[in-house]
Amino acid sequence: MRAYVEFAVKKFQDKMAYRLDFFMGIVNTAITIVVYLCIYKALYGGATEVDGISYRMVATSFVITLGLSNAFHFNEMFLEHKIHDGSITNEFLKPVSFLFRMLAENIGEGVFKLVFHFLPALLFTLLHTKLCPPKSAPGLIAMFISVAFGYLILWLISFIIQTWSFWLFSVWGIMTIKNVFVNILAGTLLPLWFMPTALRKIISFTPFESIYFTPVRIYLGELNGSQILSGIAVQVLWIVTLGIIANLFWKRGIKKLVVQGG
Amino acid sequence: MLLIVLKDVSKTFRDKNVLKNISLHVAKNEHVGLIGLNGAGKTTLLNVIAGVIKPDVGFIRTYGKESIIEDHQSLRKMAYLSGTRSQLWEELTVKASLQNCMNMYQINPQVFARRLEQLQGIFETEAFMELKPGNLSLGERMRCELVYALLAEPEILLLDEVLIGVDVSIKHKIIQFFEADRKEKQATIIYTSNHLAEVEKLCDRVILLHAGEIIFDGKAERMISEFSPYYRMEIRIAEGLPDLEDLPLEKYRIDSDRITIDYDKQKIETTQILKHLMKKSKIGDIRLYEPDLEGTIKKIYGGREWKTS
């Protein structure tokens, strides 16, 4: 376990070394948030509510969703590159689980971006836009747990597609399609409140809703008490399901590599 | 104790038979040199031993495991170092990679510090600690890789062409390090190379692979005395022609002032030839060629048909 925590810490420290990247990350996150907020302000056109959702709720939802999606962006071609240049076999020889090592390093990077990209961008946003405060302290804690689970779901979806590079020459195209799906179905572009009811129903059966929307709803107090628990339970269910699928592809991939020799 | 056991192992990639019926036992603390020309199957054989390639047929056990890569306890006792692939983290500094190594191999921090200092002294890697592998030259990188591999004091060490790109002075240090290790009997080493001379210094036992088959397995001295091909001497004569008829040479050719001699060290020493030459003539220039691997392979095959694939 300690080794994995250290992997995350090393990655975190490595990111600190890049000053320019650090400032550009803040600027990038801040610009994305501001642009979207402006568009929505115009769409609201002075109205206080659309479909029972206030501008302030939309703004809060956007800041959380966009901020997190910027922070949770990692190198999704990592496994493909390792397979192509053959260095994957060296990874098998390390006495740690490669899957958990990858996850730990991605988390290290994610935490760095959360603290050094998202937080400053959030403070900057607060200077000019009023956001909803958290509904309650327990709700805020539940939201943090839910964010972590949301990240795991996002990571597992990406990892599953990454494992396909054991069979496919490139997974870049599939990854791009996946990202479009995440952007639309997880509510990065348009909050899920505004989706047509039928589509919303379909999305609720996919893991995408659990990525950003569940944490947002917990934060805004749209989910309360037992609803929070069931929201998190759905997240856990998705993590287990996707984890099993990921492990299946991963084991098969290793088997293929070991038999065919890369 | 037998650490590595292979029995009738074969491996085919697409249509190429890379390994053919390899049977091999390696005991604890044995130093084995695996030599062969390019494409002989040396790296594949190491990969099979390391568990990253599964043979089509045959029996393989490393540490009693069919596939060592699934067992982290056993993996902690093995290091596989390759001149063409890196164990270091490409995106991290060498120092961070070494610290990751400490955590993965569960090395006590004090032991780690002591061991690191010792290895830094041998491989002179102090200056590279804050750099990333991409900023190092091939030789510098190899030295860092060696430090990384040796930090955990592995019981099994698989070394694949590790002297590639390393300066002569460092090469000498590396060879010295492994020679010392050979005396202390601390690790089991399998070392691949296509230089007979390197392997002779480092290993108790030599395995010669050719086209996926083991064509020699035994002591290095035996291989050299029995199968080493002829040495070659090229001499430019400044004055007076020598008489070479009464020397036990394999072959010689005189071409105006140049003489080329092929001889067998079992029959005649280099100095004997020189003494004989200097009796009658003045020597302008001498060049000596050591026997190479290709010659050795040819000689082992002897009268047999010379196979190239």
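The values are calculated or read from the model by the stated rules, or taken from the named source; none is laboratory data. What you see is a predicted model, and the numbers here were worked out from it, not measured in a lab. Backbone-built Cβ (ideal geometry, glycine too); neighbour counts: all protein chains shown.
Conditions (1) aromatic (Phe, Trp, Tyr); (2) out of contact with any Leu (no Cβ under 8 Å at 6 or more places or on another chain), marked per residue:
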| site | (1), (2) |
| --- | --- |
| B:Glu130 | no, yes |
| B:Ile156 | no, no |
| B:Phe177 | yes, yes |
| B:Ser193 | no, no |
Inset, instruction - For A:Ser170, state whether it is in a loop (DSSP other than H, G, I, E, B), of a type in the set (Gly, Ala, Ser) and farther than 21 Å from A:Ile39 by Cα. - result: yes
Inset, instruction - Considering only segment B:139-241, give the strands (runs of 3 or more DSSP E) lying wholly within it that have at least 1 residues that are surrounded by fewer than 18 Cβ atoms within 10 Å (Cβ to Cβ), at negative phi and at pLDDT below 90. - result: B:213-219, B:231-239
Inset, instruction - State which residue is farthest from the chain's Cα centre (by Cα) when the search covers only segment B:208-234 and only residues that are aliphatic (A, V, I, L, M) and within 22 Å of B:Lys265 (Cα to Cα). - result: B:Met233
Inset, instruction - State whether the residues of segment A:53-64 include one that is of a type in the set (Lys, Arg), closer than 19 Å to A:Leu140 by Cα and in a helix (DSSP H, G or I). - result: yes
Inset, instruction - Go through segment A:85-133 and give me each residue that's within 11 Å of chain B (Cβ to nearest Cβ), at negative phi and not in a helix (DSSP H, G or I). - result: A:Asp85, A:Ser87, A:Leu93, A:Lys94, A:Pro95, A:Val96, A:Ser97
Legend entry - Condition met for A:Ile33 (under 30 Å from B:Glu70 (Cβ atoms), touching a residue at least 60 places away in the same chain (Cβ under 8 Å) and more than 14 Å from chain B (Cβ to nearest Cβ)): no
Inset, instruction - Run down B:Leu151, B:Leu157 and say which single residue is in contact with an Asp or Glu (Cβ under 9 Å, 6 or more places away or on another chain), closer than 22 Å to B:Val111 by Cβ and hydrophobic (A, V, I, L, M, F, W, C). - result: B:Leu157
Inset, instruction - Report, by residue number, each residue of segment B:57-77 that is within 8 Å of chain A (Cβ to nearest Cβ) and in contact (Cβ under 8 Å) with a residue 12 or more places away in the chain. - result: B:Ser67, B:Ile69, B:Arg76
Inset, instruction - List the number of the failed condition for B:Ile273; all other conditions in (1) surrounded by 15 or more Cβ atoms within 10 Å (Cβ to Cβ); (2) assigned by TED's automatic domain parsing to the domain that holds B:Leu158 hold. - result: (2)
Legend entry - Those residues of segment B:98-132 which are within 14 Å of another protein chain (Cβ to nearest Cβ), free of Cβ contacts under 8 Å to residues at least 40 places away in the same chain and not hydrophobic (A, V, I, L, M, F, W, C), in sequence order: B:Gln99, B:Asn100, B:Asn103, B:Gln106, B:Asn108, B:Pro109, B:Glu130
Legend entry - Residues of segment B:164-182 that turn out to be of a type in the set (Val, Ile, Thr) and more than 11 Å from B:Phe123 (Cβ to Cβ), as a count: 3
Legend entry - Selection status of B:Thr43, in contact (Cβ under 8 Å) with a residue 40 or more places away in the chain, within 11 Å of chain A (Cβ to nearest Cβ) and of a type in the set (Val, Ile, Thr): yes
Inset, instruction - Look through A:Gly45, A:Gly25, A:Gly67 and report the one residue that is away from every other protein chain (no Cβ under 13 Å), without any contact (Cβ under 8 Å) to a residue 12 or more places away in the chain and either crowded, with 18+ Cβ neighbours inside 10 Å or farther than 28 Å from B:Gln99 by Cβ (or both). - result: A:Gly45
Legend entry - 2 or more residues of a type in the set (Lys, Arg) and out of contact with any Cys (no Cβ under 9 Å at 6 or more places or on another chain): qualifying strands (runs of 3 or more DSSP E) within segment B:13-124: B:16-27
Legend entry - Odd one out for A:Pro191 among (1) more than 14 Å from chain B (Cβ to nearest Cβ); (2) surrounded by fewer than 17 Cβ atoms within 10 Å (Cβ to Cβ): (2)
Inset, instruction - Please list, ordered by first then second residue, the pairs with beta carbon atoms under 9 Å, 6 or more apart or interchain, first in segment B:267-286 and touching a residue at least 24 places away in the same chain (Cβ under 8 Å), second part of a helix (DSSP H, G or I). - result: B:Ile283/B:Leu274; B:Ile283/B:Leu277; B:Ile286/B:Leu274
Legend entry - Matching residues, segment B:78-97, being surrounded by fewer than 22 Cβ atoms within 10 Å (Cβ to Cβ), more than 9 Å from chain A (Cβ to nearest Cβ) and under 26 Å from the mean Cα position of the chain (by Cα): B:Gly83
Inset, instruction - Pick out, from segment A:184-262, the helices (runs of 4 or more DSSP H) lying fully within it that include 3 or more residues that are hydrophobic (A, V, I, L, M, F, W, C) and touching a helix residue (DSSP H, G or I) at 6+ places or on another chain (Cβ under 8 Å). - result: A:213-220, A:226-260
Legend entry - Long-range neighbours under 7 Å by Cβ, at least six apart or interchain, first residue polar (S, T, N, Q) within segment B:11-24, second surrounded by 15 or more Cβ atoms within 10 Å (Cβ to Cβ) and not in a strand (DSSP E or B): B:Asn17/B:Gly212
